[in-house]
Each structure stands twice: as structure tokens, then as C-alpha cells.
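A short write-up of the structure that comes next.
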Amino acid sequence: MARSFYVTTPIYYPSDKLHIGHALTTTMADTLARFKRMQGYEVRFLTGSDEHGQKIQRKAAAANVSPQEYVDEIVASFQQLWQRLHISYDDFIRTSEGRHIACVQELFRRIYAQGDIYKSEYAGWYCTPCETFWPERQLVEGACPDCGRPVELLKEESYFFRLSNYADALLAHIESHPDFVQPVSRRHEMINFIKGGLEDLCISRTSFDWGIPVPMDPRHVVYVWFDALTNYISALGWGSSDESLFHKFWPEAVHLVGKDIVRFHTVIWPIMLMAAGVPLPKKVFGHGWLLVDGGKMSKSRGNVVDPFVLIERYGADSIRYFLLRELPYGGDGYYSEEALRQRYNTDLANDLGNLVHRSLTMIERYREGMVPAATAPAALENDLQRVAAQAVAQVEEELERFDMGAALAAAWRLVDRANKYIEETAPWNLARQGQNERLDTVLYHLAEGLRILRVVLAPFMPGLVTRLGHQLGLPNPGAFPAWEEAQTWGVLSPGTHVRRGEPLFPRLTDEEIPPEEGSLIATGTRVAGADLEPSGVPADSTGPAEGAVGKAGRSQAEQSPDTPPAEISIDEFARLDLRVARVVAAERITGADKLLKLTVELGGQERTVVAGIARHYQPQELVGKQVVVVANLKPARLRGVTSQGMVLAAVVGDELTLVTPEKEIASGAKVR
RNA sequence: GGCGGUGUAGCUCAGUUGGUUAGAGCACGCGGUUCAUACCCGCGGUGUCGUAGGUUCGAAUCCUACCACCGCUACCA
């Protein structure tokens, strides 16, 4: 009877593209899922999308499509990303699906029936023009964070969930189950939080309707977490006519989440389950973030890294390796393309790739590609076997505690040992001296070591399974191996015909370093399926100004301070149509904290230009100012607004100032 | 403010219940080797273990104070 294992990622919100931070959680989950499958577990791996909410409704309205159409398009891009990353999910739950809606309503009904949901009033700060409630801590100087206008304290009828009833039970559970919240630092925070007392949670809204109707009161839609968290059991058919998946996989569940949403998973979710009489999941694991430039990856910082570009550039296995290797257990990791390339070259190209290549080359050269039989194993061979067995055992151990980085480091001990083994045995000397038995033995041990590496690395880099399988001439190269195949030495049959092929990870040279901003997700572009907008985004400081100019300038300065950007000719410069324009109107753009929509007058005609300067200029102070715009820039949509050009600004770090003519001049004047 | 954490080689980090000359990887330097993707193997640190005190025969490891940085302190997914 196979043991079961259920692993989940958060369901992602389809209002924006995914970045590599999202890919991190999902890759971790995939690695665990594959590992458990290899061990013979019956595995269910769930990911999905959280599709409701006011934000989506707004964006859809701005794009003039229905919310469902809007999310369909973005969700398709999620799925495409997961496919490119070799994510082997068994199910993809969408909260707009009927099965989920029915489940949430059933759960709501049950908890309501037994008295833990009650109707009351939610008081919140409301921005009338934006039709949005804001939590107090999100207010910017007491005003709406979107539009800057004043907010008022309003009351709205809402359903509330009695978290307070379960605080003691939850605390007892967390304290008696040390594994429930991991790593321990998060566990302490949660214990502390609960001890501070729990307030009841507002779980419905009437101010928008893109959501799941409350069963007994359809004017309300179920709000946020109650809807989203339920995905973990709705996807198993809980409360439906077929609960077989639920019975098979629950509660052997592991929820992988980023550290920012640990609380929702360790407070709200368990209490929902308790209230419904459902057992709690085994574990919630909160991993750290992948930081960029020392800070969180975020759209407004303009440092969001696009996983599609990276996969295209380096391959899925390489990206997976980097993500899993770079994150310290429980802590944050640092992303930079330079770090990625470094990892790639040292670990993948030099150590692993080269090991494979040199080993197979020798088998081809000395034995016509046939793996010989090991007839004379000696001390060195025993040591290689011992290290292999140890590495396998340790990878397993680290994987069990979700330390992917340590697991990979353990696997690399075998890589290192094998490289050293070649040095120690010097097969080229054995060949020269005609020590054929010895040479046979060494070559067999090398091939066998590679065979084991293929198995051990399979959960992390699934693409390697087939590629290495081919090169090793395995009878069924694409078949995913069982974990136990790594635990036995001597499985590879002598006589197997290897095919050296191309290096698995070609070394990257410095000349090919791509511009870093090419991997950034263009900020402010409307998220539209998988087709990427060109990365240059007009008039958004987080795009060209901070993103391209600032970034490229900075990284070049670091590498070679004396190298300016490549020379251009006067003709190339002439392709820019730079003009003086006068700002005639300016307003904030709803839902964008850095963008202003400017109307400028340019030689008699008016245009709309979106500029990422809201942090630096108030709309009213811009009116009447003369600015310089790129007049022939291809239009782009930013937050639903079509921008016909971009405004030039000088940028250093967080400082920004508009470029403006030194004296008044007729608007439309050419800048050259 | 409250609670918790971190501060160890240029960089990223390990350092078990306090015990001889404080470690790994990367980067850097030298040597070796040639099967290999200018790769691999070996050798190389003078690190105030944040600062100042204290406990102890003995502390990076325990205690106190201070400094710096970080996390949590609820209804944005």
C-alpha cells in the first residue's frame, strides 16, 4: 500500500505576470513531488490560481473584458511557464471553477450552521472615488494610497469568522506539533502572534461582485482568504459527491508558501479546518525570498525578473538549479544574473558537465564507447562507492527536511569525488601502459557514478534524466528512475553503448553577457498572455529611466568604469524625435503608485503620456511645466492607459528630476 | 514601542551539549596534469569570530550592556 504525499504551492494571483520568486516556490514543490514519486509515494502536487477580487475586476474593466476572460488569458501564461520549467503538477485549481465555488460554499455553510460565522459590520477606511476599502496601515498619510485623496471611515455589512473561538486550540496544536510550522523562526512568530489574541476575521464583501456568492446571502461575496485557502481541499473534492482524492491525500499535506503568507496558512487556514471538523495539514513551510539588489522583488522597484527570459537563455534545469541551490534554509537568497552565471559555470559547466563529458570521452576513446566490466576494484573504487552511498543518503535526508540547497551540495560531493577519482586513477596512463583490467574497472566506475548522479539529480533537474540517459545509452533514457536505483552500486550493464554528445552545460563566456534589463519584466505593461512586450516601456521611470539607463549604467560601472555604452552615429541619434511639450493636465492612475497620466500639448496637438514619476511630483505642480518627450516612441498601454511617448527625467538612485528647457520655448520645438 | 533573530575570511555561509593550531564553497595566487567545456587535481589566509565587560582552568559557543541590520506586531493577493 503506497504511502501518500500531498504538496501544494500557493495559488497565484493573475493580475500580473509571475516572476522568478513565484518560480522558486513552485520549483521547490516540484522537486519534492518528484522525489516522493521516485520513492514510491502516491503523490498529489497541486498549484493553481486565485482569480477573484476587486483588483481583477478593476483590471478587467479597464481592459474592457470580463473578469473571466481577463484571468483566462493570464492563467494560460502561468501554465505555460510551469510547462517550460518542467513543473509536474497533478492538478491546477482555479478558484473560478465550479468545483471550487461549490466547495467554498459548502464550507461556508457548514461553519455558518455550527455558529462560527456571524453577520456584523466591517468598519474600514473607504475611498469613494476608488470604491475601495483600505486597511489602516496601508493608508499613505491618512489618504488613499491609490489616488491620494482623503478616505472616510465607512461601515459595511459583513460576515465574520470567529477566529477567537479557536485561539487556544490552535496554540495547543502548534505547540504539540513542532513540525507544523517550519522553519522554527516562523513557528515562534506565529506562537507569539496567537498569544497576542485573535480578532475575528471579515470574510465577505458587498462592494464588488467578482467572487463566490455567500450561500445564504448572495449580495455578499466570500472574501479573500476564506476563498483562496479552501483551494487546498476543493481540489481534492472535499464536500463533493466524490471525496476519494480527499480521503487518499488528506491530511498528509505540505503547504509550501513564501514567508509573507505563513500567517494565513498557520492561523486562518487551520482554524477554518477546525471549525469544519477537518484534520489539519501536516506542515506549512515558509521559505525566504529571492532578493534583488538587496531588496524585495517588486514591480514598483522595476527589478522583477522574468522567468521566461531566463529559461530561454539558460535552460530550465539551470534555473531550477540556481533557485534551489541559492536559498539558504529558512533565509533569503540573492538573485543577480551574475550570480546565476557564476553558479552555472562553476557548478554545472565545470564540475558536473565536464565530468560527464570527460568520462564519456574516455569510454569512447579507449573502449569504443562500450562500458567495460569492472574486474579489479581496489581501494579507490571502494572509496568512490562509499562517497556515492553517503551522498545519496544525505541528499535524501536534506530533502526530507526541505533543505534543497544542502541536498544539492551533498550531491556535489559525489561530483567532486568523481573528478578527483579521475585524477587519482589517470586512465590515460593506464591506457598508455596497457593496464587493461585496471582501465576497465576505472571506466566502469565512472559510468556507474554518472548513472547514480542522474538518479540523484532527477528531482532537481528533471531535464537531465533524458539527456544523461541518452548519453549513457540507457535502454529507456526518458524513463524517470526510482530512487532506490541510486542506492545500489553496479546497476549499469557492461556493454552499454554510451554516446558522448555535446556538453550538457556549455560554458558561458564573458563576451556573451546579456544586458541585465533584458531579463526584467517590463513594468506597467498590461499583462497579456505569454507574448512578452518589448522591455522598453515608455515614460515609466521604473522602465527605461531607472530600469534601463540606471541599471545598465550601474552594472557597467561595476564591471569596467571606463567603458561607456557603445558609440552611435549621428544618424542613429537622429532617429529619436525629441520634442518640448507643455503639461496641460496631470492625474494619478488608479492602481499604480508610481504612474501619472499626463496630457501634454505638443506643437498644437494633445497627447497622453504616462510617466513613472508619481513618487516625485504631485500632479498639480506639473501643470504648465515644459518637459522633453520622446515623440516617436511606439505607444504602449500602461495600466490600461495608452501612452504616446515618454517624458525624459534624470535619475540617480531614488532621486528623480524632470528634464526641462532652460527657458520657455514654443512647445513642439525639436530637441537635438 | 513589544517579542524574536542575525552580526564568523573579499563574497555567500557552516560551526553540535563551551575544550588542543576557527571551517566550506566562490573569488584570488602558485604548482601539477592533459581525458575534458582555458577544464580538473594539489597547495596557500596575516580572519580583532559586531563592540565592551563578565562567568570559567578554558568561549565564536554561556551571562550583561551597547551598536548595526533583519523578521513578526492581522483582514493586499
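The values are calculated or read from the model by the stated rules, or taken from the named source; none is laboratory data. All values reported here derive from a predicted model rather than from experimental measurement. Positions of Cβ are backbone-derived with ideal geometry, glycine not excepted, and every protein chain shown enters the neighbour counts. Heavy atoms of the whole protein, side chains included, go into the accessibility calculation; ligands, DNA and RNA do not. Shrake-Rupley method; radii C 1.70, N 1.55, O 1.52, S 1.80 Å.
Select, from A:Met362, A:Met370, the only residue that is within 29 Å of A:Ala431 (Cβ to Cβ) and more than 14 Å from RNA strand B (Cβ to nearest atom).
Details: A:Met362 fails: more than 14 Å from RNA strand B (Cβ to nearest atom).
Step by step, each of A:Met362, A:Met370 is checked, and only A:Met370 is within 29 Å of A:Ala431 (Cβ to Cβ) and more than 14 Å from RNA strand B (Cβ to nearest atom).
All but one of (1) more than 16 Å from the chain's Cα centre (by Cα); (2) open to solvent by less than 10 Å² (accessible area, probe 1.4 Å) hold for A:Thr47, so report the exception by its number.
(1)
Could you please give the count of residues in the stretch A:390-430 that are over 18 Å from A:Asp351 (Cβ atoms) and more than 11 Å from RNA strand B (Cβ to nearest atom)?
Residues in the stretch A:390-430 being over 18 Å from A:Asp351 (Cβ atoms) and more than 11 Å from RNA strand B (Cβ to nearest atom): 8 in total.
Take the residues in the stretch A:164-201 that are outside any helix (DSSP H, G or I) and of a type in the set (A, V, I, L, M, F, W, C), then tell me which one is farthest from RNA strand B (Cβ to nearest atom).
A:Phe180
Being part of a loop (DSSP other than H, G, I, E, B), modelled with pLDDT of 90 or more and away from RNA strand B (no atom under 16 Å from the Cβ) narrows it down to one residue among A:Leu245, A:Leu236; which is it?
Working: A:Leu245 fails: part of a loop (DSSP other than H, G, I, E, B).
Every option except A:Leu236 fails the conditions.
Can you find a residue that is in a loop (DSSP other than H, G, I, E, B), within 14 Å of RNA strand B (Cβ to nearest atom) and farther than 30 Å from A:Phe180 by Cβ anywhere in the stretch A:87-99?
yes
What number of residues in the stretch A:221-233 are of a type outside the set (A, V, I, L, M, F, W, C) and either open to solvent by 10 Å² or more (accessible area, probe 1.4 Å) or within 8 Å of RNA strand B (Cβ to nearest atom) (or both)?
Looking only at the stretch A:221-233, we keep the residues that are of a type outside the set (A, V, I, L, M, F, W, C), and these are A:223, A:227, A:230-232.
Of the ones still in play, those that are also either open to solvent by 10 Å² or more (accessible area, probe 1.4 Å) or within 8 Å of RNA strand B (Cβ to nearest atom) (or both) are A:223, A:227.
Here the count works out to 2.
Given the options A:Ala2, A:Ala23, name the one that is closer than 16 Å to A:Ile74 by Cα and away from RNA strand B (no atom under 16 Å from the Cβ).
A:Ala23
Would you pick out the residues in the stretch A:250-281 that are in a loop (DSSP other than H, G, I, E, B) and among the acidic types (Asp, Glu)?
A:Glu252
How about the stretch A:177-212: which of its residues are open to solvent by 30 Å² or more (accessible area, probe 1.4 Å) and over 25 Å from A:Phe160 (Cβ atoms)?
Hits for the stretch A:177-212 are A:His177, A:Pro178, A:Asp179, A:Val184, A:Ser185, A:Arg186, A:Arg187, A:His188.
Tally time: how many residues in the stretch A:52-86 are under 19 Å from the mean Cα position of the chain (by Cα), within 16 Å of RNA strand B (Cβ to nearest atom) and polar (S, T, N, Q)?
1
In the stretch A:338-379, what residues are under 43 Å from the mean Cα position of the chain (by Cα), closer than 21 Å to A:Gly490 by Cα and part of a helix (DSSP H, G or I)?
If the condition is that a residue be under 43 Å from the mean Cα position of the chain (by Cα), closer than 21 Å to A:Gly490 by Cα and part of a helix (DSSP H, G or I), then A:Leu352, A:Leu355, A:Val356, A:His357, A:Arg358, A:Ser359, A:Leu360, A:Thr361, A:Met362, A:Ile363, A:Glu364 are the ones that fit.
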